[in-house]
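In what follows, a structure is listed as structure tokens, so that the remarks can point back to it.
Just so it is clear, none of the values below were taken in a lab; they were calculated from the coordinates. Remember, predicted model here, so these are calculated numbers, not experimental data. Methodologically, a virtual Cβ is constructed for each residue, glycine included, from the backbone with ideal geometry; neighbour enumeration extends over all protein chains shown.
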Amino acid sequence: MRWNLAVIGDPIGHTLSPLIQGKMMERLGVEGDYAAHHVAAAELPEFVRYAREELDGFNITIPHKQAVIPFLDEIDPYAERCGAVNTVCVREGKLSGHNTDGDGIRAALRGMGADFSGSRVALLGAGGAAKSICRKALDCGAEAVRVFCRTPEKGLQLAGGDSRGEALPFSALSAENCGGWADIIVNATPLGMSGFGQDFADFSFLGGGRPFLCDIVYKPAETSLLKAAAARGLPCKNGLDMLIYQAIYAFRLFTGMEFAADPMADFLRDEVKKALGQG
Ligand code: NAP
């Protein structure tokens, strides 16, 4: 079989998905194409019609992760609770929606020896990625998830009414509230990302304990948050593994192929680092 896959978004020029999925196909000896399509919001219905006829699956990035939901024939329960879909499988013209970001962050944390189960999780940001991470942390048995964000009402919505979720204003980030409280800290804001132009004002909130830290930003490889965490001796990693594992889980959904995720991630990590000039 020759797989016909794609990724859509607006903008889409920056996407690493064709590289990652293409390398995965090569490694597995799978025939196929994985193309990036620039799809503006108004073009989504037309793209979905095309996908039903021509594609076996597609990934979705900003701004379509929510907008695609009304077009789906099925959605898995986790993606439905996230209100966001990043992977759509097409089978005989029927579309099923999934979200692999949560399993991506979980695998990235597992690689550091961290697990949401039984942990207190401090989550910075309340956007799309934060929502997937919050839901996954709660699904996996986190003791508590504390969301730090500029609009606490938005942060509280992330937990979907689960009493283990709470929200504090971003200005309440402190050693007492964050580093000294959490077992795991995840940055899901773009602060420190290349080209974003804004960064954390200070890193004293990392103090007071020995939490694991994952910054889901992966450009640059070492953000100033990661530098500050490393200087304090905290176990930390960037967002590359989350990106790679979400892609691996998407490919498994597209093709139904079962293959070991960790050796594939090792291979892809080297390839992506080379492409990013981080190798
Ligand atoms: P998003 O939906 O736009 O959410 C961004 C969040 O960051 C929002 O909650 C926003 O706050 C907050 N924020 C922005 N500027 C801030 C500031 N100056 N101070 C405090 N909070 C601020 O974006 P997203 O899709 O969740 O992505 C967030 C980051 O994660 C991006 O850098 C993206 O590249 C990265 N990401 C990585 C992966 C991966 O696989 N590694 C996957 C997805 C995303 P408001 O709600 O107040 O606006």
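Mind listing whichever residues of the stretch 261-276 are over 17 Å from Ser194 (Cα atoms) and not aliphatic (A, V, I, L, M)?
Asp262, Pro263, Asp266, Phe267, Arg269, Asp270, Glu271, Lys274
Name every residue in the stretch 154-167 that is part of a strand (DSSP E or B) and surrounded by 21 or more Cβ atoms within 10 Å (Cβ to Cβ), in order of residue number.
Gly165, Ala167
Can you find even one residue in the stretch 61-69 that is surrounded by fewer than 22 Cβ atoms within 10 Å (Cβ to Cβ), farther than 22 Å from Ala40 by Cα and either more than 10 Å from the ligand (Cβ to nearest atom) or in contact (Cβ under 8 Å) with a residue 12 or more places away in the chain (or both)?
no
Condition (residue is among the aromatic types (Phe, Trp, Tyr) and closer than 18 Å to Cys236 by Cα) applied to the stretch 142-155: is it met by at least one residue?
No - not one qualifying residue is present in the stretch 142-155.
Would you check which residues across the stretch 130-174 are touching a Ser or Thr at 6+ places or on another chain (Cβ under 8 Å), farther than 19 Å from Val217 by Cβ and of a type outside the set (S, T, N, Q) and list them?
Cys140, Gly141, Ala142, Glu143
Would it be correct to say that Cys134 is more than 10 Å from the ligand (Cβ to nearest atom) and either free of Cβ contacts under 8 Å to residues at least 40 places away in the same chain or over 16 Å from Phe212 (Cα atoms) (or both)?
So Cys134 fits the description; yes.
Quick grid of which residues meet (1) touching a Lys or Arg at 6+ places or on another chain (Cβ under 8 Å); (2) touching a residue at least 12 places away in the same chain (Cβ under 8 Å):
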site	(1), (2)
Lys23	no, yes
Leu28	no, yes
Gly32	yes, yes
His38	no, yes
Glu43	no, no
Phe47	no, yes
Arg81	yes, yes
Val88	no, yes
Gly93	yes, yes
